[in-house]
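The values are calculated or read from the model by the stated rules, or taken from the named source; none is laboratory data. A quick note: this is a predicted structure, and the numbers were derived from the prediction, not measured. In this analysis, Cβ positions are derived from the backbone assuming ideal geometry, glycine residues included, and neighbour counts consider all displayed protein chains. Ligands, DNA and RNA are stripped out before the accessible areas are found, and what is left, the full protein with its side chains, is counted by its heavy atoms. Shrake-Rupley method; radii C 1.70, N 1.55, O 1.52, S 1.80 Å.
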Amino acid sequence: MQLNELVIAENIEEEAWQALEKSILYYQGRPVGTLAAYDPSVEALNYDQCFIRDFVSSALIFLIKGKSEIVRNFLEETLKLQPKERALDAYKPGRGLIPASFKVVSLNGEEYLEADFGEHAIARVTPVDSCLWWIILLRAYIVATKDFSLAYRPEFQTGIRLIMEICLANRFDMYPTLLVPDGACMIDRRLGIYGHPLEIQVLFYTALRAARELLICQGNQDVVAAIDNRLPLLCGHIRQHYWIDINRLNAIYRFKSEEYGKGAVNLFNIYVDSLPYYELDKWLPRKGGYLAGNVGPSQLDTRFFSLGNLMAIVSDLATDEQSQGIMTLIAERWEDLVGDMPMKICFPALEDEEYRIVTGCDPKNIPWSYHNAGSWPVLMWMLAAAAVKTNNTELGKKAIEIAQPRLSEDEWPEYYDGKKGRLIGKQARKYQTWSIAGFLLAKELIANPSYLRLVSFDELSPEAISRACEFEINSIDPYMPR
């Protein structure tokens, strides 16, 4: 990089840091999170709140820079918002849920946090992913600070256990995956991802691994046993049934339907005519592949969902061969998945009659916009992390080089529209915090691959479990659950 380009890059990075610090949310004089967006030109709606999923990007970059206080405060305060009692009222959040977002409210001179579990959200969607991201972030904080005592505090052990209970204990399902409604994750509007969407399964797997490291076994033996039982089943299920490459496509293409019994090959009764085989045949590279968006009864969603595939690489849910296949696919189909702005949330878009039926004619999710195959800069850090994990760092560098000048010029929008990502999203907020943090985080991961350990599991697992056992033996804390 030439001197002039280096100066420009440094200026953009400094601008991003200033914007990120401007978004910090304070509660009782302490930093507790970041606003979703700081865009005074439009009505705030709920963009003046701190979203759990959004803050993860900010939290990771704060941890990298040694600013751990805000992350600790966030973890402590959001845990206090978690319902601890069982509620039979259908309009109240279930025990163990972490809210989608929260805001600081002042009343009679006193501040308090008001949580939104979906009761204020558009279409009243429930945030299934919040509790999973919370555990993942708690582990990242422990990895960065070595402050194991935070996770071992009774209230944190209870919080982890309650999340695990709602994920593991009660379910109407026979699969190891997590059954969820539409709009339960980053795609928080109707887009046909109800059932067992990939994004939730990957976050579920990652949260299970994080919880397995952080839970003290004594007093939690049943939950630990349930995690140990579910992890290999979930991993095997995703690797086998969600994977699509040209060989797998050939096998599915020749499936018989209406098979009964244990000897069935077409386990989910997928009908051939429900899949776009000829489009997939043209799009799939010879050696690449990816994990399907959803698998369930007569359902194989063959759309490519970026967050699920990238995080599957980072968390080791995908095998090494599958991980390389996903990165090969991204490289081979760069113009489709990245184009002029990293990167598409999913591909391809739902169009025409399918768009009208599946989205309910959602005007914000018109084809190639917003959740319907829009381009999201926040995904850049996950692309960078996956590139580091698979030793394909040039792909990460290429994505950053594409995004860097545009993001600054366009004032850090939430998402981009169009097949190539050339249009600023029609309703996108500017100075969107996770776009800013995603860019900064991507640069840090490429510059120093060791930061990958915050969201990867290569290094900490045996150490954390050993520390937990040692802590149990040596602890004399009378308040620790026994």
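Some points to look at:
- Selection from the range 386-399 of residues that are touching a residue at least 24 places away in the same chain (Cβ under 8 Å) and either over 17 Å from E335 (Cα atoms) or within 20 Å of the chain's Cα centre (by Cα) (or both): A386, A387, V388, K389, T390, N392, T393, G396, A399
- One residue stands out in the range 55-72 among those that are touching a residue at least 40 places away in the same chain (Cβ under 8 Å) and open to solvent by 20 Å² or more (accessible area, probe 1.4 Å): the one that is farthest from F439 (Cα to Cα), namely R72.
- Number of positions in the range 95-124 that are open to solvent by 30 Å² or more (accessible area, probe 1.4 Å), touching a residue at least 24 places away in the same chain (Cβ under 8 Å) and farther than 23 Å from R139 by Cβ: 7
- Pair list, Cβ under 6 Å, 6 or more apart: the range 222-251 residue closer than 22 Å to P197 by Cβ, other residue surrounded by 13 or more Cβ atoms within 10 Å (Cβ to Cβ) and of a type in the set (G, A, S): Y242/A292; I244/G289; I244/A292; D245/G289
- Against the numbered list (1) buried (at least 22 other Cβ atoms within 10 Å of the Cβ); (2) closer than 30 Å to S149 by Cβ, L81 comes up short only at (1).
- Selection from the range 199-244 of residues that are open to solvent by less than 10 Å² (accessible area, probe 1.4 Å) and under 30 Å from L280 (Cβ atoms): I200, Q201, V202, L203, F204, T206, L234, I238, Y242, I244
- Checked against (1) more than 26 Å from I98 (Cβ to Cβ); (2) open to solvent by 30 Å² or more (accessible area, probe 1.4 Å), D48 passes all but a single condition, namely (1).
- Test result for F304, open to solvent by 10 Å² or more (accessible area, probe 1.4 Å), of a type in the set (F, W, Y), touching a strand residue (DSSP E or B) at 6+ places or on another chain (Cβ under 8 Å) and touching a residue at least 40 places away in the same chain (Cβ under 8 Å): no
- Failed item, numbered, when R171 is tested on (1) out of contact with any helix residue (DSSP H, G or I) (no Cβ under 7 Å at 6 or more places or on another chain); (2) assigned to a helix (DSSP H, G or I); (3) closer than 26 Å to V358 by Cα: (2)
- Residues that are in contact with a Ser or Thr (Cβ under 9 Å, 6 or more places away or on another chain) number at least 3 in the following strands (runs of 3 or more DSSP E) confined to the range 231-337: 289-296.
- Leading residue by the ranking (modelled with the lowest pLDDT) among those in the range 1-39 that are under 18 Å from V104 (Cα atoms) and open to solvent by 50 Å² or more (accessible area, probe 1.4 Å): Y38
- Scan of the range 186-211 for residues that are at pLDDT below 95 and among the hydroxyl-bearing types (S, T, Y), ordered by number: Y194
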